[in-house]
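Q: One structure coming up, written as structure tokens, with questions to follow.
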Amino acid sequence: MPELPEVEITVRRLDAALEGAEVESAVAPGMNVMKTFEPPLEALAGKSISGLRRIGKMPVVEFGDVALLIHLMSAGRLRLSDKRVSPKDRASRVLVRLVDGRELRLREYGTKQRAWAKLLPVGEVAVDEMVATLGPEAWPPPPLEDFAELIDQPRHLHPLLRHQRDIAGIGRSWVDEILWEARLSPFKQGTELGAGEIERLHGALHVLGDAIEHYEETIGEKLPEKLPMPLRVHKREGEPCPRCGTTIEAVFFAEHQTNYCPAEQTGGRVLKDRRLSRLLK
Ligand SMILES: [Zn+2]
């Protein structure tokens, strides 16, 4: 699941590899992937890639006066290949074929087609509703006062930190790491935090920067198909907490899970597994 650190290293590597590359053609084998129709994707032919950047969890590929804004959702990946993908590849969503034979691919794993892209005049990216409604970037973190204000809501920290309109870039994996680093319960509400806890949570955003550094050190020029995420608590239920040795617990939801250290985050309480409670009702 690509979040801020994964998208950041992806655009850094692709930017270095693709700057100036000329487009031969662009197609969208993903039936519903393109959310805009004007300019058409075919308009990319003959243009050159001028750069890649990141907004929240979204990569942006710029081609001079137009830009492709991409939302990877949970299973999309943007990768560069030395050769062209087979027309039978069912994971292909958008293919940008380059004159030099390489191909920039947006592919999506699994059965669901959720990833999307918009081709926009470059000046319209900032005013696109998905971009204009984003909260401040989670890394580098916003100033403490701004963070204290955005977190001051009667909502659980887990969904609050993942809500892109409040703060951009955090998803289901890194939220667990940030809350663990801050020693805060995922079920504590924003309004329940004291000044010291807000400071701790704000300080814990450094795990995103640490992850980017980790990727910079471990990933070479070529991005692997799947990035090995340096997670310490997410999806590690049953394993010892790397800090205190207590068994990491999990709460499962329909499409995601949250992991935490009961000793350090919930005052020793093991939270009810909502999936299990629902079955028992
Ligand atoms: Zn612990």
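The values are calculated or read from the model by the stated rules, or taken from the named source; none is laboratory data. Since the structure is predicted, the reported quantities are computational estimates derived from the model, not experimental observations. Cβ coordinates were reconstructed from backbone atoms using ideal geometry, including for glycine residues, and neighbour counts include every protein chain displayed. Surface areas here come from the heavy atoms of the whole protein model, side chains and all, with no ligands, DNA or RNA. Shrake-Rupley method; radii C 1.70, N 1.55, O 1.52, S 1.80 Å.
Q: Can you confirm whether segment 58-81 contains a residue that is basic (K, R) and within 24 Å of K222 (Cβ to Cβ)?
A: Within segment 58-81, one or more residues are basic (K, R) and within 24 Å of K222 (Cβ to Cβ).
Q: May I pose another question? In segment 241-253, what residues are within 8 Å of the ligand (Cβ to nearest atom) and either surrounded by fewer than 20 Cβ atoms within 10 Å (Cβ to Cβ) or outside any loop (DSSP other than H, G, I, E, B) (or both)?
A: P242, R243, C244, G245, T246
Q: Let me ask something additional. Return yes when A75 is of a type outside the set (D, E), surrounded by fewer than 18 Cβ atoms within 10 Å (Cβ to Cβ) and over 24 Å from the mean Cα position of the chain (by Cα) and no when it is not. Explain how you work it out, then say what you get.
A: Working: of a type outside the set (D, E): yes; surrounded by fewer than 18 Cβ atoms within 10 Å (Cβ to Cβ): yes; over 24 Å from the mean Cα position of the chain (by Cα): no.
Criteria not met by A75.
Q: Also: Of these, V131, V175, V125, which one is more than 15 Å from the chain's Cα centre (by Cα), under 30 Å from E62 (Cα atoms) and in contact (Cβ under 8 Å) with a residue 24 or more places away in the chain?
A: Details: V131 fails: more than 15 Å from the chain's Cα centre (by Cα); V175 fails: more than 15 Å from the chain's Cα centre (by Cα).
That would be V125, the only listed residue that is more than 15 Å from the chain's Cα centre (by Cα), under 30 Å from E62 (Cα atoms) and in contact (Cβ under 8 Å) with a residue 24 or more places away in the chain.
Q: Would you call E192 closer than 24 Å to E6 by Cβ, open to solvent by 40 Å² or more (accessible area, probe 1.4 Å) and either more than 16 Å from the ligand (Cβ to nearest atom) or among the acidic types (D, E) (or both)?
A: Numbers: closer than 24 Å to E6 by Cβ: no; open to solvent by 40 Å² or more (accessible area, probe 1.4 Å): yes; either more than 16 Å from the ligand (Cβ to nearest atom) or among the acidic types (D, E) (or both): yes.
No; evaluated as a whole, the condition is false for this residue.
Q: With respect to T218, is the statement that it is hydroxyl-bearing (S, T, Y), closer than 30 Å to L14 by Cα and either within 15 Å of the ligand (Cβ to nearest atom) or open to solvent by 50 Å² or more (accessible area, probe 1.4 Å) (or both) true? Quick ask: steps written out before the conclusion?
A: Working: hydroxyl-bearing (S, T, Y): yes; closer than 30 Å to L14 by Cα: yes; either within 15 Å of the ligand (Cβ to nearest atom) or open to solvent by 50 Å² or more (accessible area, probe 1.4 Å) (or both): yes.
Considered against the rule, which asks whether it is hydroxyl-bearing (S, T, Y), closer than 30 Å to L14 by Cα and either within 15 Å of the ligand (Cβ to nearest atom) or open to solvent by 50 Å² or more (accessible area, probe 1.4 Å) (or both), T218 comes out as yes.
Q: Separate question: When you look at E199, is it away from the ligand (no atom under 16 Å from the Cβ), touching a residue at least 12 places away in the same chain (Cβ under 8 Å), loosely packed, with under 14 Cβ neighbours inside 10 Å and under 30 Å from D146 (Cβ atoms), yes or no? Before the answer, list the steps.
A: Details: away from the ligand (no atom under 16 Å from the Cβ): yes; touching a residue at least 12 places away in the same chain (Cβ under 8 Å): yes; loosely packed, with under 14 Cβ neighbours inside 10 Å: no; under 30 Å from D146 (Cβ atoms): yes.
So E199 fails the test.
Q: Mind checking which residues of segment 33-52 are buried (at least 16 other Cβ atoms within 10 Å of the Cβ) and touching a Pro at 6+ places or on another chain (Cβ under 8 Å)?
A: Answer for segment 33-52, where residues must be buried (at least 16 other Cβ atoms within 10 Å of the Cβ) and touching a Pro at 6+ places or on another chain (Cβ under 8 Å): just L52.
Q: Right, another one. Looking at segment 161-186, which of its residues are small (G, A, S) and within 16 Å of the ligand (Cβ to nearest atom)?
A: Within segment 161-186, the subset small (G, A, S) is 168-169, 171, 173, 182, 185.
Residues satisfying the conditions are A182, S185.
Q: Within the set of pairs 6+ apart or on separate chains, which have a first residue in segment 148-169 that is free of Cβ contacts under 8 Å to residues at least 24 places away in the same chain, a second that is open to solvent by 40 Å² or more (accessible area, probe 1.4 Å), and C-beta atoms under 7 Å apart?
A: Partner pairs satisfying both residue conditions: R162/R172.
Q: Still on this structure, please answer the following. Show me the helices (runs of 4 or more DSSP H) entirely contained within segment 100-167 in which 3 or more residues are surrounded by fewer than 18 Cβ atoms within 10 Å (Cβ to Cβ) and of a type in the set (G, A, S).
A: Values: elements: 129-132, 144-151, 157-162.
Output list is empty.
Q: Pairs under 8 Å by beta carbon, first residue farther than 19 Å from K57 by Cα in segment 208-236, partner acidic (D, E) and surrounded by 15 or more Cβ atoms within 10 Å (Cβ to Cβ), six or more apart or different chains?
A: Taking only residues 6 or more apart or on different chains, the pairs are R232/E177; V233/D176; V233/E177.
Q: Since A211 meets every condition but one in (1) in a helix (DSSP H, G or I); (2) modelled with pLDDT under 95; (3) within 19 Å of the chain's Cα centre (by Cα), which condition does it not meet?
A: (2)
Q: Taking G30 as the residue in question, decide whether it is open to solvent by less than 40 Å² (accessible area, probe 1.4 Å) and within 30 Å of I178 (Cα to Cα). Steps first, answer last, please.
A: Values: open to solvent by less than 40 Å² (accessible area, probe 1.4 Å): yes; within 30 Å of I178 (Cα to Cα): no.
Answer is no for this residue.
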